[in-house]
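Notes to accompany the following structure.
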């Protein structure tokens, strides 16, 4: 029994690699990114550029890795013994089974008070509904004028103008200058936003600056500025710092961009995409126009053939042929009657003498009526009365108005008999 139990246990066992992998997934999926405060120790900076250290307090410690691509600002200046705030996620280094903190940002612990103020204001405004997605407005599809609230001498405005000029150069840019750092910054940002709102000359506003420490970005955590952004009648895009930087302005704005350059990409479409779409629509219009012209041409051909088969001249020809056929048949009937002997011949001759003239008279009368009716509606009858059909000599188009020709144009006039070629020497409209 004991051997059987060990066999069953072995069948359900996992490897150490599987264990570490499961633990890593539990740690990474079970805990969100978070801020941790502690003291730096055992800092190692290998040639790869990554930074490895231990973060500790009086009772515990945890290993940490700060990879080179995540490092920015004064990171290289940190040393053993510094109190820091570290932002990152918990993970596990599988080969050794070491539990560690993967660092995404690090700043001096002196900013802890600012961080706590930030969290208090964030909860307050969130409770009031200023962060709700339902109150945020969509950006205009094609803004004609874009307002930028930032420092006129900073890198942010250069990045924004560069991206806008590349993506959609026809959009105008209005800069509302303001300090973005220091004690005067919140007031200047508020004044710039008020000026943009009062002048109402832009379709969308970008407010922001480049990256920096929490203290550098503090102006964008101002409560009054946050409420002004939320109340702005113009859609506002917040573009403060780098992708991992978050400010109160980001939460209340209608849209948050990871960087100033990203904000410029969000507020205007790509010109090349629009040109390709316009070209595609133009091709579709040309194809539909060609199909429509082909359909109209086919209809015109059908009407022309129908008109040719039902013209007055062809109708007269058909009636004349029918009259000739009736005459031929009558002659044949008379011949057969004459060939019969005796009383039959006398009777038929009598009937023929009495019915023949009447039949011929009726047919002749119907023919004359049809001829007069067709003559009355025939264009030829109109021409016989002294009228003419005037056509443009170049295109053959029938002219019905002086607006269809001009002095010096060659024309052709069809008469009842023959046609004339002439040149227009003057025109006069019916109003004249």
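FYI, it's all coordinate maths here, none of it is from the lab. These numbers come from a predicted model, not from an experiment. Heads up, the Cβs are rebuilt from the backbone with ideal geometry, glycines too, and the neighbour counts pull from every protein chain shown.
Assuming a viscosity of 1.002 mPa s and a temperature of 20 °C, what translational diffusion coefficient in µm² per second does Stokes-Einstein assign to region 199-321, Rh being the Kirkwood radius over Cα pairs? Could the numbers behind the result be given before it?
Working: Rh = 20.1 Å.
This corresponds to a translational diffusion coefficient of 107 µm²/s.
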Worksheet entry | Fluctuation leader among 213, 327, 151 - the chain, Gaussian network, Cα springs under 10 angstrom | 327
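Could you grab the Rg to Rh ratio for region 65-176? Cα atoms only, Kirkwood for Rh.
Details: Rg = 20.7 Å, Rh = 18.9 Å.
Taking Rg over the Kirkwood Rh, I get 1.10.
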Worksheet item: How much length, in nm to one decimal, is gained on full extension between residue 37 and residue 223, taken as 0.36 nm per residue of separation minus their Cα-Cα distance?
Response: 64.4 nm
Item to complete: Just report the Cα centroid separation between region 112-168 and region 237-271, whole Å.
Response: 5
Practice prompt. Normalising by the residue count of region 2-109, find the relative contact order in percent from Cα pairs under 8 Å and 6+ residues apart.
Written response: 28
Response to the item:
For the chain the mean separation of alpha carbon contacts under 8 Å (6+ apart) over residue count, i.e. relative contact order in percent, is 9
Worksheet item: How big is region 384-423 by the Kirkwood estimate over distinct Cα pairs, in Å?
Response: 10.5
Worksheet item: Please report, for the Cα atoms of the chain, the Rg to one decimal and the Dmax as a whole number; what are they, in angstrom?
Response: 48.2, 154
Discussion item. What do you get for the angle between helix 185-199 and the principal long axis of the chain? Use alpha-carbon atoms, 0 to 90 degrees, nearest ten.
Written reply: 20
Item to complete: In nm, give the distance between the simple-model label positions of residue 135 and residue 50, each being 7 Å from the Cα along the Cα-to-Cβ direction.
Response: 4.5
Discussion item. Can you give me the angle between helix 271-309 and the longest principal axis of the chain, using Cα atoms only, in degrees from 0 to 90, rounded to the nearest 10?
Written reply: 10
Worksheet entry | Where labels lie 7 Å past Cα in the beta-carbon direction, separation of residue 370 and residue 413 in nm | 3.6
Discussion item. Classify region 128-269 from the C-alpha gyration tensor, please: rounded if a/c falls under 1.5, else prolate or oblate depending on whether a/b exceeds b/c.
Written reply: rounded
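Taking neighbour counts of Cβ atoms within 10 Å as a proxy for exposure, in what order, fewest first, do 24, 79 appear? Don't skip to the answer; put the middle values down first.
Details: 24 17, 79 8.
Final ranking by Cβ density, sparse to dense: 79, 24.
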Discussion item. Taking 30 Å as R0, compute the FRET efficiency from the Cβ-Cβ separation of residue 276 and residue 126 and round it to 0.05.
Written reply: 0.10
Worksheet entry | Candidates 246, 67, 220: whichever shows maximal mean-square fluctuation once the chain is modelled as a Gaussian network with Cα springs under 10 Å | 67
Discussion item. Counting only helical runs of four or more DSSP H residues, what would the 222 nm mean residue ellipticity of the chain come to if each run contributes -39,500 (n - 2.57) and the total is spread over all its residues?
Written reply: -15500 deg cm²/dmol
Worksheet entry | Shape parameters for region 2-109, alpha-carbon atoms, Rg then Dmax in Å | 17.8, 62
Worksheet item: Where the eigenvalues come from the Cα gyration tensor of region 75-136, what are the semi-axes √(5λ) of the equivalent ellipsoid, largest first, in whole Å?
Response: 32, 19, 9
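Taking the Cβ of each residue in 55, 27, 34 as the centre, tally the other Cβ atoms inside 10 Å and list the residues starting with the fewest. Provide the component values of the computation, followed by the final result.
Values: 55 23, 27 15, 34 11.
Ascending Cβ contact count within 10 Å gives the list 34, 27, 55.
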Worksheet entry | Residues 334, 106, sorted so that the one with the fewest Cβ neighbours within 10 Å comes first | 334, 106
Worksheet item: So what's the angle, to the nearest 10 degrees on a 0 to 90 scale, between helix 16-30 and the longest Cα principal axis of the chain?
Response: 80
Practice prompt. Considering only 250, 98, 270, give the residue with the highest GNM mean-square fluctuation for the chain, with springs between Cα atoms whenever their separation is below 10 Å.
Written response: 98
